[in-house]
Each structure stands twice: as C-alpha cells, then as structure tokens.
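Enquirer: What follows is a single structure, and I will ask about it in a moment.
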Amino acid sequence: MRATILFSILLLTGIPPAASAIFAQAGKATKAAPANEARYFTHLEGLMEDRADVVLRDVRQNGETTAAQLDVCFPTLTDANRTDRFVVDLAVSGDKLSGTAQSREGKVPVTVNLIRKRNGSSFDFTGKITIGGQVSEIESTDNSDVSEREFREQQATEDAISATPEDFTEVSPEAIAVKVRRDSVVDFVRRLRGENIQVALYGLLASCAELRSDEQVLRFTVDPERAPALIEKLRAQPEVITAGWTDGNMDMERTIRFPAAEWREAGKISRDKLAAAVSNALATSLPAKVVSSNWNPMSGELKIHLKRPSTILPALGLVESIEITALVSPDRPGASDHLLLWTGSASIETVDESAGPKLNLVENSSGNDEETLTLNDEQMLAALAKQFRGQRWDSETSAWK
C-alpha cells in the first residue's frame, strides 16, 4: 500500500516512472543476512580409546562451516583417576579442521588434524589427534549433531547442595557440600587441615563438568550437631560460591523420627543415654549381646558391636560378630523438637573364638546366600521404632506415619 501511494506521488510530481522503481524498492524490507547457527557433536570414536569427553562446536552459515572449536576432557597420561582438558579453536579449510593447543591442567601439547565429511544426515570424521606423546587415530562415522538448546539440556547438571533445606528428608544431616572456584581449590583445602571433619577423597578430583565450569564441589562428613556452624564458617570463605547440605548416608527407609525432649540435656543430644537405648533395642531384636558402643567425634556416627552364637555347626561354638552404624540428628536445621535415628545395614563376620588353635574362616564364595549371616532388618527397625515411640517413613506418600 505504501509503495502504491509513493508511486502516485511520483507521477504527480513529474518524476519518471523508471526512477520510481528505485523508490518502490526502498519501500520493501531489506532481507537480513543469514544468522550463524551453532551445532554440537559429543563423540569422536577412537579418541583416547573412547575415554574422552568430547564437545565439538560447529558454527555454520548457510550450511557451511565458518568456525569450529574442540573441547576435550580426558584422563591424564600419568594418572587415569585425574582429568585434564584442552580447548582448541580449529582452522577451517573446506573439509579440513586443524589446530594446536596446550592442556589446561598438565600443560601437555595438543595437535588436531581432522577431515569432516557429510554422510547423508550425519557426518564422518577421520584423522589424528595427538595429546602429549599419545596419538589417537580417529575413525568416527555416522555422527549426529544437536542444536544449541539440545546441547545445553544434555549438559545441565545439579549440584545437589541445599543451603536452607526445610528438613532432612531430601538431604542428609551429616553430609556437607561446598562449591568453590577451581583456581582456589588447593588453598581452600589446605585451610581445612586440623578441622574435625572427614573430607571425601573423590571430591578432590575434578569432573569434566567442573573443569568446564571452573567451579568444583567438595564434600565433607561432620557431626550433625556441628554442621550448621561449619556451614556458616565455610560460607564466609572468599573462594566459596555456595555451601549447604547434600545427599549422604541417611536412607529414609531405614530412619525413624521421634520426640526429642526425653533425649536432650542442656540443649544437646544425650549421647550416652541414646547409645544405651539403641544398643539395648538391637540386642533384644537380633538377639545378641552388646560388646561396645562408640561415637565417632568427626562424623557423629555411633558404631555398635554385638555378638551372638553362630548356628553353623553349634557344637563348634563359632560366634557371629556384628557391627551396626547409627546416626542421630535433629530432623531439620535450626530449632527442632524431633530427632532422627538412622541405622545402616549390619556387617557380620563369623569367627572362631574358642581356646587353643582356631579355624581360619572365609566368607562363602560359592554364590549361595548364607541365611545365618543375614539379619531381619524389618524386625530390627520395628524394635527401634517401638523403643523410641517413633514414626517410620512412608515412601508412597513421602511422609512420616
């Protein structure tokens, strides 16, 4: 409509119709240049014996590759438990992709020479990638690419750190996680020396996702009564991005909830009283005799040692040595009028404690279950719930019953 009006004005003003075509063309919207589109490949067969985590970013315009970047996380050449990473911007020359770089952690040289060819709706990659002195022959066929959105969805991860959990049904009261900047991990961990906590060794090894995000999650086990103060202390550290509770030992199916008033003295959990009550309930339900009960000052776990006669050839007088770990904590951070009691699966060993020469016994290796070496967990948990007048967890309704 606007072009028609403009043409009429031109006729009235005497401007030649030929010139009017120029003005009419100006009235049309200019077509935008095609935008760049990023596509992603997440596998290259043959790289580091298929132990590498690969991200190949392919930027295209009108279907033609204009830029590419290869991001690889791989086991280090000296220690397969540790990971390294390199990122290399690749020069694009037709089907050829090439470039050099240095790994971020180990500073090893990297050389990439690949040929990429379209194979119908997928792509084939051939060539060589050299990391340090290790050469990987790439023969990767039928590789499908994904869009930016699909790639981001695939890479999305959760830290499973809850800074302010409502209660301890989704996270465990003794398990703490801290996210720190990767360039500060060593200094941060050094300052933990002397702290009354247990540091998870696997958390010190950065995952590929952590190498790419430059953030690392460290995990600790601590007495639940000391956990809130420790979290506040860690949050004050300059390297810390976030700190809170995470998943740990506590399994709701093996946990009971009970009123706290009877089991507290001067605002703290009465550990001697609790240890005696838990030990007596276990001894009655097994049945067995309590040998010892001890609290771990770092983790806050209660380890109970019991014994009972073995039913395997009773005349031999063999003994079942039983160890059960328990954990007691408030049922939520902050003020709480209920406690939680979790008990782990029992560890059972049959031993010969007779006088004189003894049998050297080993666990059954035939693959058959030994009924005498198992405990009735349901019976044990029911006895604890009765002892403490507690509630059990209903997994169907996700509520206490």
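Enquirer: If Arg104 meets every condition in (1) surrounded by 18 or more Cβ atoms within 10 Å (Cβ to Cβ); (2) closer than 30 Å to Arg191 by Cβ; (3) basic (Lys, Arg) apart from one, which number is that one?
Expert: Failing condition for Arg104: (1).
Enquirer: List every residue pair whose Cβ atoms sit under 6 Å apart, with the two residues 6 or more apart in sequence or on different chains, where the first one lies in segment 206-219 and is without any contact (Cβ under 8 Å) to a residue 60 or more places away in the chain and the second, anywhere, is charged (D, E, K, R).
Expert: Pairs found: Asp214/Arg182; Glu215/Lys179; Gln216/Arg182; Gln216/Glu210; Val217/Asp159; Val217/Lys179.
Enquirer: Residue check, Glu253 against (1) in a helix (DSSP H, G or I); (2) farther than 21 Å from Asp167 by Cα; (3) within 32 Å of the chain's Cα centre (by Cα), all met but one. Which one?
Expert: The single condition Glu253 does not satisfy is (2).
Enquirer: Quickly run through segment 305-355 and pick out the residues that are part of a loop (DSSP other than H, G, I, E, B) and among the basic types (Lys, Arg).
Expert: Of everything in segment 305-355, just one residue is part of a loop (DSSP other than H, G, I, E, B) and among the basic types (Lys, Arg), namely Arg332.
Enquirer: Kindly check whether there is at least one residue in segment 284-305 that is in contact (Cβ under 8 Å) with a residue 60 or more places away in the chain and within 20 Å of Asn360 (Cβ to Cβ).
Expert: So far as segment 284-305 goes, no, none of its residues is in contact (Cβ under 8 Å) with a residue 60 or more places away in the chain and within 20 Å of Asn360 (Cβ to Cβ).
Enquirer: Just for strands (runs of 3 or more DSSP E) wholly inside segment 1-101: which have at least 1 residues that are over 19 Å from Arg152 (Cα atoms) and modelled with pLDDT of 95 or more?
Expert: Values: elements: 37-41, 53-61, 64-75, 83-93.
In segment 1-101, 64-75, 83-93 are the strands (runs of 3 or more DSSP E) which contain 1 or more residues that are over 19 Å from Arg152 (Cα atoms) and modelled with pLDDT of 95 or more.
Enquirer: Only one of Thr126, Thr157, Thr169 is polar (S, T, N, Q), touching a residue at least 12 places away in the same chain (Cβ under 8 Å) and in a strand (DSSP E or B). Can you tell me which?
Expert: From the options Thr126, Thr157, Thr169, the qualifying one is Thr126.
Enquirer: Another question, then. If you scan segment 182-203, which residues turn out to be in contact with a strand residue (DSSP E or B) (Cβ under 7 Å, 6 or more places away or on another chain) and either more than 20 Å from Lys233 (Cα to Cα) or part of a loop (DSSP other than H, G, I, E, B) (or both)?
Expert: Hits for segment 182-203 are Leu192, Ile197, Ala200.
The values are calculated or read from the model by the stated rules, or taken from the named source; none is laboratory data. Bear in mind the structure is a predicted one, so any value in this text is a computation, not a measurement. Backbone-built Cβ (ideal geometry, glycine too); neighbour counts: all protein chains shown.
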